[in-house]
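Heads up, the thing below is written out as structure tokens.
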Amino acid sequence: MHDLPINLLRTFMVVADTLNLTEAAKQLHKAPSTVSMQLNRLEDLVANPLMERGQHGVRLTAAGNQLRTHAQQLLNLHDQIVGSFQNMDIDGVVRLGTHDQYASRTLAPILQDFIISYPEAQLEAFCDYRPNHLVELMDKGKLDIALVEMVAGSEGGIRLRRDELVWIGSQDHFVHTQAVLPLVVFDEGCKHRQYACEALDKAGIAYRIAFTSQSRAGVLAAVRAGIGIAIVPFHTLEDDLVIHRELPTLPDMEVTLFTSPKVNEATRRLEKIIVDSPVFNPMSVEANQTLSAVAPT
């Protein structure tokens, strides 16, 4: 058995997570042909087919599933070892405030990368559904950095990406057809709740608050159960939920990063990781794809 290069394992893991070569290529900032070539080389090294490629994507073989389990452990250990030597001088507390719609999905792998790359830094994360409250905590010196959602066109912070709010419901229930629309919302102070009520009032649609939660998980569980409909940013939509375009239009939002002017180097490193991430900044994907198209691979 030959040694397995780390870069090939990284490519494999992204493809294994997306099960789509085109999407994996975007995330890796590589041409699809380069991704395929790296997968072929890895399969030669392990002397087993790892994926079955088809018209609608790829599927892991038994060997692929086995490698996926071990490869993630190896990559985590590798990155932890490298990070411990490269960034030993980057330490201190980093206090992050964000909505759990980010903490539980798109932000999770970014924070994992930060923790592995900067093992001496001490990350403290605080979740709240009120963006203004998080910014106020930062202004009061209780947070160092806040990743929140602001109305498109408003001022302040680094605008990472624009996104639309969408009405969502269960595939198995039709509560959106009820005479009085049942809503699943966060507590008072949530902008999503405010915009939903304002849009329905303006359209003259009767509604009631059927379920209130302080977490995204609670909101989505209630939607799946058919208790009511909710609104979420489009880029956080989950596959088993449906969008109701027939309901009133909601305002566009912008993922926004606020950073206190006086923070330590560890916080600045986290800020850069978030700003550069293609998850929150699609423009960085397009720019890197352009570079990949002209650069040697």
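Laboratory data are not the source of any read-out in this text; all were calculated from the coordinates shown. Just so it is clear, the model here is predicted, and its values are computed rather than measured. Note that we place each Cβ from the backbone using ideal geometry, even for glycine, and neighbour counts take in every protein chain shown.
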(message) Can you say what percent of the DSSP beta bridges in region 1-143, counting only those with both residues inside, are antiparallel? Round to 5.
(response) 35 percent
(request) Please sort by residue number the GluC sites (Glu not before Pro) in region 230-285 whose DSSP state is loop and whose Cβ has at most 15 other Cβ atoms within 10 Å. (result) Glu238, Glu246
(request) Indicate the gyration tensor shape class of region 47-191 (rounded, prolate or oblate), computed on the Cα atoms with a ≥ b ≥ c the square roots of the eigenvalues: a/c under 1.5 is rounded; otherwise a/b larger than b/c is prolate and the rest oblate. (result) oblate
(message) Can you say what percent of the DSSP beta bridges in region 162-253, counting only those with both residues inside, are antiparallel? Round to 5.
(response) 55 percent
(request) With mean projected area of the Cα convex hull in nm² defined as stated, name the option among (i) 19.0; (ii) 16.9; (iii) 18.1 computed from the structure displayed. (result) (iii)
(message) Using a Cα-Cα cut-off of under 16 Å, which aspartates and glutamates could be cross-linked to Lys272, ignoring same-chain neighbours fewer than 8 residues away?
(response) Asp91, Asp113, Asp144
(message) Just to be sure I follow the definition: excluding the sites themselves, where is the longest run in the chain that has none of the trypsin sites (Lys or Arg not before Pro) in a DSSP loop with at most 10 other Cβ atoms within 10 Å?
(response) 1-139
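Of all beta bridges DSSP finds with both residues in the chain, what is the antiparallel percent, to the nearest 5? Each step should come with its number before you reach the end.
On the way: 24 of 41 bridges.
Here the share of antiparallel DSSP bridges comes out near 60 percent.
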(request) For Lys140, list the lysines whose Cα falls under 16 Å from its own Cα; do not include residues on the same chain fewer than 8 positions away. (result) Lys262
(message) I need the phi-derived Karplus couplings for region 153-160: 6.51 cos²θ - 1.76 cosθ + 1.60, θ = phi - 60°, integer Hz, Gly and Pro marked x.
(response) x, 6, 9, x, x, 9, 7, 8
(request) May I ask you to list the lysines whose Cα is less than 30 Å away from that of Lys202, ignoring any residue fewer than eight positions away on the same chain? (result) Lys191
(request) Using DSSP to define loop residues, name the chymotrypsin sites (Phe, Trp or Tyr not before Pro) in region 146-236 whose beta-carbon has at most 15 other beta-carbon atoms within 10 Å. (result) Phe174
